[in-house]
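The values are calculated or read from the model by the stated rules, or taken from the named source; none is laboratory data. Quick caveat, the model's predicted, so the values are computed rather than measured. Virtual Cβ from ideal backbone geometry, glycine too; neighbours counted across all protein chains shown. Heavy atoms of the whole protein, side chains included, go into the accessibility calculation; ligands, DNA and RNA do not. Shrake-Rupley method; radii C 1.70, N 1.55, O 1.52, S 1.80 Å.
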Amino acid sequence: MLHRITMLQGSSVATDVSEKVRAGAAGYKNILVCLDSNHTEDHLLAELRAYAPLTSVGSYCCGFDTIIEDLPPGMYDRPWDKGNNPKTAVKKYLTSRDSADTLARDGRALKFRVDAELDNKLLISVAPGGYLQRI
């Protein structure tokens, strides 16, 4: 699988990095987006804006560690916590997408649904509410 992996060094929300990712995704029909770096709301929101449009119809854009919102406050010695985490970013992103005419890389409308069925199948997950299926 090594020949299928390209390592990029830099911030996932830096323009030069996101441009390289978009260029690398060109020509692929099926794209799954997994976001799992800095878990602050602002950072994941920026990642969603940069990378969610790459998601192919029927596939997923996954925002990991949404569980942080469901845990007691103060569990982490990090900049993220209850009220500032991936789940709050996902909610904000979906709300903004509902009112925007955003297009995906394929030129079609960018619309997602939270896949609650997937959450229910997994039973235990670090990303409840974070599996966004493109529709």
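Any idea which of (1) open to solvent by 40 Å² or more (accessible area, probe 1.4 Å); (2) within 23 Å of Asp119 (Cβ to Cβ); (3) of a type in the set (S, T, N, Q) is the one Asn85 doesn't satisfy?
Going through the list (1) open to solvent by 40 Å² or more (accessible area, probe 1.4 Å); (2) within 23 Å of Asp119 (Cβ to Cβ); (3) of a type in the set (S, T, N, Q), Asn85 breaks only (1).
Taking the range 37-57 only, how many residues are over 20 Å from Trp80 (Cα atoms) and either open to solvent by less than 40 Å² (accessible area, probe 1.4 Å) or polar (S, T, N, Q) (or both)? Outline the logic, then answer.
Filtering the range 37-57 down to residues over 20 Å from Trp80 (Cα atoms) leaves 50-57.
Of the ones still in play, those that are also either open to solvent by less than 40 Å² (accessible area, probe 1.4 Å) or polar (S, T, N, Q) (or both) are 50-56.
Of the residues in that region, 7 qualify.
Check the range 56-63 and report whether any residue there is closer than 24 Å to Thr15 by Cβ, modelled with pLDDT of 95 or more and hydrophobic (A, V, I, L, M, F, W, C).
yes
If you scan the range 37-68, which residues turn out to be acidic (Asp, Glu) and either assigned to a loop (DSSP other than H, G, I, E, B) or touching a residue at least 60 places away in the same chain (Cβ under 8 Å) (or both)? So that I can check it myself, show each step before the final result.
Kept after step one, since they are acidic (Asp, Glu), are these residues of the range 37-68: 41-42, 47, 65.
Correct list: Asp65 only.
Any chance you could count how many residues in the range 88-116 are out of contact with any Leu (no Cβ under 7 Å at 6 or more places or on another chain), in contact (Cβ under 8 Å) with a residue 40 or more places away in the chain and open to solvent by 50 Å² or more (accessible area, probe 1.4 Å)?
2
Does Cys34 satisfy the criteria of being farther than 15 Å from Ala104 by Cβ, open to solvent by less than 80 Å² (accessible area, probe 1.4 Å), not in a loop (DSSP other than H, G, I, E, B) and not acidic (Asp, Glu)? First the steps, then the outcome.
Details: farther than 15 Å from Ala104 by Cβ: yes; open to solvent by less than 80 Å² (accessible area, probe 1.4 Å): yes; not in a loop (DSSP other than H, G, I, E, B): yes; not acidic (Asp, Glu): yes.
Here the answer is yes, as Cys34 does meet what is asked.
Quick one: how many residues across the range 96-121 are at pLDDT 90 or above, out of contact with any strand residue (DSSP E or B) (no Cβ under 7 Å at 6 or more places or on another chain) and not in a loop (DSSP other than H, G, I, E, B)?
3
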